[in-house]
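K.L.:
Provided herewith is a single structure, encoded as C-alpha cells, for subsequent inquiry.
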Amino acid sequence: MSDALRRALRISVPIVVGLLAIACFLRIDYVNAHAPQIVEENYENADWVDLDGSFAGLADEKTNGLSLKLESSQIMSPKQFLEAYGEASVDLSKDILGKYDDIKVEEADTLSVLVVKLAVKCAPENSDGYFAAIDWRAISSKNPSLSMQPDWDLWEISDPKMTDQSMFRIEPGTEFDLVVPFSIQAEERYFEASNLRTRLPLKEGEYKLVVTNSPIRKIILFSAGYRS
C-alpha cells in the first residue's frame, strides 16, 4: 500500500465514522421528536376517575361509562389483611403455597401489603366494558422503581369471586366497593427451596395508582400509612 493511500485512509476513516455518528444522532432525534407523547392526568383520592375510553392494557376494554375512585388506603401485613378481609379462616401457622406468591410464616407479620379500597361503577349503557386489574400498578412516588401489581393470592383468598379473574366486568348501572391488595414481588435468592416470589416491606408515604395507560395515563395520587 502506497504512502498516499495510507494518508487517504487515515483522513477518510474518521470522516466516515463521524458522518455515521451524526446520522445515528439525527435518526434518534427524529424518532424521539415523532414518538407518540403520553398524556397524563392526575387525580386525588376520593375523585371519580372516568376511564372514558382510556385503557390499562387492551384497547377492547371498552371503558366508556366505567369509572372508579380510591376511597382509602393502608399498609398492612398479610396476616392483618386476611384477618380484616379474608372470607374464610386461613391458618398462617404454616406456609400457604399459592399459584403466584407464597405466603410464608416468617413474612406473615411483615408490613408488605398496600391495601386500597376502590369504588367502581358502570354506566347503564355499557354492557361490554371491563376493568383490566392485571395492568393496574401502584407506584411509590419516592422510589418509582417500586412498581406493584395486585397480589393475586391474597386477593383470591379475600374475595373468591376474583379467583383467576385478572379482568372483570360489573353489571351495567351498578356500583360496588373493591378491596385490592398490592405488593412488591421479588425473586427468591438462587438455590432457595421455592422458586416462587416473596413480598418486600413497604414504607409509609406518597403513592400513585395507575388505572389506565393509553391514550391517556390516568393516575390517582394518595398517601398510605401503616394500619393503626
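The values are calculated or read from the model by the stated rules, or taken from the named source; none is laboratory data. Keep in mind it's a predicted model, so treat the numbers as computed, not measured. Ideal geometry is used to build each Cβ from the backbone, glycine not excepted, and the neighbour counts take in all protein chains shown. Heads up: the accessible areas ignore ligands, DNA and RNA and are worked out on the full protein's heavy atoms, side chains in. Shrake-Rupley method; radii C 1.70, N 1.55, O 1.52, S 1.80 Å.
K.L.:
Return a yes/no flag: does the stretch 141-163 have any residue that is open to solvent by less than 30 Å² (accessible area, probe 1.4 Å) and closer than 19 Å to ALA59 by Cα.
P.N.:
Checked the stretch 141-163: no residue is open to solvent by less than 30 Å² (accessible area, probe 1.4 Å) and closer than 19 Å to ALA59 by Cα.
K.L.:
While we're looking at this one, here's another question. Specify which of the listed residues (PRO124, PRO172) is in the same structural domain as LEU66 (by the TED database), in contact with a Cys (Cβ under 6 Å, 6 or more places away or on another chain) and assigned to a loop (DSSP other than H, G, I, E, B). Step through it out loud before you land on a result.
P.N.:
Numbers: PRO124 fails: in contact with a Cys (Cβ under 6 Å, 6 or more places away or on another chain).
Just a single option satisfies the conditions, and that option is PRO172.
K.L.:
Quick one: LEU118 ticks every box in (1) surrounded by 16 or more Cβ atoms within 10 Å (Cβ to Cβ); (2) not in a strand (DSSP E or B) except a single one, so which number is it?
P.N.:
(2)
K.L.:
Within the set of pairs 6+ apart or on separate chains, which have a first residue in the stretch 154-177 that is at pLDDT below 85, a second that is open to solvent by less than 70 Å² (accessible area, probe 1.4 Å) and outside any loop (DSSP other than H, G, I, E, B), and C-beta atoms under 7 Å apart?
P.N.:
Close Cβ pairs satisfying both conditions: THR163/GLU156.
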